[in-house]
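Read the figures in this text as sums done on the coordinates, not as results from a lab. Small disclaimer: the values here were computed from a predicted structure and weren't measured. Every residue, glycine as well, gets a Cβ built from its backbone with ideal geometry; the counts of neighbours run over all protein chains shown.
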Amino acid sequence: MPKSQVRKKKVYTPPTDVRPTTTASSRKPSPVWLPVTAVALIVLGIGWLVLYYLSEQEYPVMAWGYWNLAVGFGAMVASLALLSRWR
């Protein structure tokens, strides 16, 4: 039985209009303050919530009531937003 012919595959090169304009090596690393701020916001948010629950809703700000929960969770969500920008 004759042997089939071996074909070489061509290396794929995407069209120039589809290629990304920036490469991974050209992106700058994150500034030092970004992860520090994100971790600080996580700690602040958790601390705010723990203080709110342990003080039986008297502290940090009694007049805000349940909005203290929004402040604590908002700080943690803001830290997630910062960490999504971290390289």
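The table below gives the values:
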{"item": "Degrees, to the nearest 10: 33-54 long Cα axis against longest axis of the chain", "result": "40"}
{"item": "Estimated 222 nm signal from helices in the chain, with DSSP H stretches of n ≥ 4 weighted -39500 (n - 2.57), rounded to 500", "result": "-15500 deg cm²/dmol"}
{"item": "Of 31, 15, 60, the one that fluctuates the most in a GNM where the chain has Cα springs shorter than 10 Å", "result": "15"}
{"item": "Per-pair calculated FRET efficiency, R0 = 22 Å: residue 36 and residue 69 via Cβ, rounded to 0.05", "result": "0.30"}
{"item": "Mean Cα-pair separation over length for region 31-83, i.e. relative contact order, pairs under 8 Å, 6 or more apart, %", "result": "52"}
{"item": "Hull shadow area, averaged, the chain [alpha-carbon convex hull, nm²]", "result": "13.1"}
